[in-house]
Amino acid sequence: MPQLDTMTFFSQFFWLCFFFLGFYLTLVKYFLPKMSRILKVRSLRMNTTTQQGGIHSDIQKENQDLKKTRDDFLSQAFKESRNFANQTVSNTNEWVSKILADHNKNQFQEMNKVFLQSIAELSVSQAFAQNNLKTVISPTSLKASQQGGKKKGNSSEKIFTFHVCESLRS
């Protein structure tokens, strides 16, 4: 085991003792006297405040002042955070409304134009197809098919209209 090597064990033990004793003497000479003075001052202050009128009233008053200050600070912080959140939400709503309005103006207006043009083209093409059907079918056959359709049904007229529409589309 390298920790218990006899060649290096003595030097490691020596330096451990040297630094430990140095640290111990520094604590005893400098830090412990300062800490003992602080403790003596505290005990004297405690004794004088208890003799003057009680420490409890001073501590309670100080605690109440601290609680009041803390509560005031927290209430102010909550108010500011609530105002900030409300302002952020309203700014976000305004921003979204503006973006939607711009998008509707730019994108959807063009799509609406195209949609209306396609509907107009479809209605015009259907009107032309109906007019063409009326001109292709003779008036006598139209009257006969209407009278026969009332009696027998419109199946022959539907088939004929379907074939004419297909030929017009192609």
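Computed over region 19-116, the quotient of the alpha carbon radius of gyration and 2.2 N^0.38 Å is 2.67. The length gained on full extension between Phe19 and Asn131, counted as 0.36 nm times the residue separation minus their Cα-Cα distance, comes to 28.9 nm.
The gain in end-to-end length when the Arg37 to Ser123 segment is fully stretched comes to 20.7 nm, 0.36 nm per residue minus the alpha carbon separation. Each residue, Asp65 and Val89, gets one label point 7 Å from its Cα in the Cβ direction; the gap between the two is 3.9 nm.
Read-outs: derived from the displayed coordinates by stated rules, not from any lab. Just so we're clear, the structure is a prediction, and the values are computed from it rather than from any experiment. Cβ sites come from the backbone with ideal geometry, for glycine too, and all protein chains shown count toward neighbours.
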